[in-house]
1. Ordered by packing density, taken as the mean number of other Cβ atoms within 10 Å over each peptide's residues, highest first, how do 48-54, 76-82 rank?
2. How many nm separate the modelled label positions at Y94 and D44, each set 7 Å beyond the Cα in the direction of the Cβ?
3. Quote the FRET efficiency, to the nearest 0.05, computed for I25 versus A63 with a Förster distance R0 of 22 Å and r equal to the Cβ-Cβ distance.
Amino acid sequence: MSGAHDFTFPEREDQDIAAAAHDPIPYVDGNAAAGALSEIFRIDIIAALGRCRHCGSVRAFGAAMVFTDAPGIVVRCRDCQGVLLRLVQTPTRYWLDLSGLSYLEIDREE
Ligand SMILES: [Zn+2]
């Protein structure tokens, strides 16, 4: 019963997980969120200018990065990747988080 030399560390198998964290997450532009948001807003959200609360960048909403591979839609700032908007839909409700936007500047229809 020598014991100690029988002990072997298991192969570390978390390297793939660590590598995966560096893989870019696919995203599309703000138009991808237009369909769902058009059910909530009666405005042209794509053309609206939004100010990022995180970095102060002001861009058209359509230029934002939209991640749909999530439990809902996540819209991130193209400049700092901060979260601008989160939208989760259930069969009966929308859950809308706009806390990443300082404001939206929306053209009035004439
Ligand atoms: Zn930003």
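1. With the highest mean Cβ count within 10 Å placed first, the list reads 48-54, 76-82.
2. 1.9 nm
3. Efficiency computed from Cβ-Cβ geometry: 0.80.
Read-outs throughout are calculated quantities, based only on the coordinates presented, and are distinct from any laboratory measurement. Everything numeric in this text was worked out from a predicted model, so none of it was measured. Cβ sites come from the backbone with ideal geometry, for glycine too, and all protein chains shown count toward neighbours.
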